Amino acid sequence: MKPMPDKDTPRYAVLGNPVAHSRSPFIHEAFARQCGLPISYERVLSPLDAFEATLQAFAAAGGRGVNITVPFKFQALAMASRRTPRAVLAGAANVLKLDEPDGWLADNTDGVGLVRDIEAGAGVALAGRRVLLLGAGGAAAGALGPLIAARPAEIVLANRTRPNAEAIAAAHAAWADRHRVTLAVRGFDDAGEAFDVVVNATSSSLAGAGVPVGARVLARGALALDMMYGAAAATFLRWAEAAGARARDGLGMLVEQAAEAFFVFRGVMPHSRPVLATLQAQIEAEAAVAGAAATDITPK
Ligand code: ATR
C-alpha cells in the first residue's frame, strides 16, 4: 500500500468513469519523482450524474488539479470559470486546475501531446506534410487545433458521419486559414492517397470493426498512429505494418499530454522519454502475464 500523503503534499487526481484502468497515477508520480516535486495522485471515480459534486468534494479535500477523462471532458470545459484558447478550440478540457479565487481553469493538452509525440517521439516534422485524421469525435476535435498549428500542407478529415467532420472543420476554419493549412472533409471511400501521417481517432476498433480506409491512404514509409494503445490499437497497428507503414500506438501521446498537464499544474516540464520507456515495458510485461495466464487455462 502507498503511504498516506503528508497533509502539505499537493493532491491531484484523474477523474472519470471508468477510471480504474488509468495510467495517469503512474505517469504523474514518475514525473514528480523526476522533478523532485512530491505529489499525491489518485484515481477518482465520479458517478455519471455527479461530476461537479465529485470535483468540488476533491477540491474541498485539498485537491489542486485534475486530469479529466471519459466522459466528462465536455462538462469540464463548460463548468470552468476560465478556459485556455486551446481548450475552447477543442471544445473539451482534459485538465482542470484550481485557480483561486476564480475557480477552475480548463485546459486541453491532448492535441499538444499528439503533436509532440509525432514530432519528438516518432521524429516526423509535420510542417509541409499531408495528414489524414480519421474520426470526428472528441479525440479528433482535441487533436485538430495543435495539428493545424504544426503547419502541415494539408489535413483531410475523414469520418463515417460526414456532418460530424464538417462541424469540427467549420470550428477550425479560421485557425486553419491563419496557419495557411488546407483543411478538407472527405468520406472513408474517397479519403485520398499517399498521406505522410495517418492518425486514427475513431473508436471503430472498440466496436469490433476493421480499419475503415484502404492501405492506399499510406504513403511509402508513412507514420500511422492510433490514439489508443494495447488491444484497442492492435487492429490498426497490424493493418499499418502489413502495408509497410511505421505503426505507433497512443502511449506516447498519453505520456506527452500528461507531461504538458504536469507543466500546467506545477510549472516544470518533465522528461517524457524515460517514463514512456518504463510504461511500455510495464505494459508488455502485463501482456506477457495475461498471455501466459490464457495459455494456462487452455484445456489439455
Ligand atoms: P472519442 O471521444 O474517442 O473521440 P466519440 O466522440 O464517441 O469518442 O467519437 C468516436 C469516433 O469514432 C467518431 O468519429 C465515430 O464516427 P461517427 O462520427 O460516425 O459516429 C467513430 N466511429 C465509431 N465507431 C466506428 C466504426 N465502427 N467505424 C468507423 N468509425 C467509427
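None of the figures in this text is laboratory data; all of them are computed from the coordinates on show. None of the values given here were measured: they were computed from a predicted structure. Neighbour counts run over all protein chains shown; Cβ positions are idealised from the backbone, glycine included.
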Full extension between residue 283 and residue 271 adds, at 0.36 nm per residue less the Cα distance, a length in nm of 2.4 nm
List the chymotrypsin sites (Phe, Trp or Tyr not before Pro) in region 125-234 that DSSP assigns to loop (not H, G, I, E or B) and whose Cβ has at most 12 other Cβ atoms within 10 Å. Which are they? none
Tell me the label-point distance for the pair residue 184, residue 70, using the 7 Å Cα-to-Cβ offset, in nm and rounded to one decimal. 3.1 nm
Rg over Rh, two decimals, region 214-254 (C-alpha only, Kirkwood Rh): 0.96
If you project the alpha carbons of region 11-108 onto the principal axes, what extent comes out on each, in Å, largest first? 32, 26, 26
In region 64-119, what % of DSSP beta bridges are antiparallel (nearest 5)? 80 percent
Filtering trypsin sites (Lys or Arg not before Pro) in region 136-195 by DSSP loop and by at most 14 other Cβ atoms within 10 Å leaves 180
How large, in Å, is the chain by the Kirkwood hydrodynamic radius built from its alpha-carbon pairs? 20.0 Å
Ranked highest first by average number of other Cβ atoms within 10 Å, how do 273-281, 91-99 line up? 91-99, 273-281
Tabulate in residue order the Karplus-calculated ³J(HN,Hα) for region 19-33, using 6.51 cos²θ - 1.76 cosθ + 1.60 with θ = phi - 60°, rounded to whole Hz; enter x for Gly and Pro. 9, 4, 7, 5, 8, 4, x, 4, 5, 5, 5, 5, 4, 4, 5
Can you list residues whose amide H is under 5 Å from residue 37's amide H, if they're 5+ apart or on another chain and H is modeled 1.01 Å from N? none
When only alpha-carbon atoms are used, what values of Rg and Dmax, in angstrom, describe region 64-212? 15.6, 52
Suppose R0 equals 51 Å; then what is the FRET efficiency for residue 99 and residue 246 from their Cβ-Cβ distance, rounded to the nearest 0.05? 0.80
Computed over region 11-108: relative contact order in percent, which uses C-alpha pairs under 8 Å that are six or more apart: 27 percent
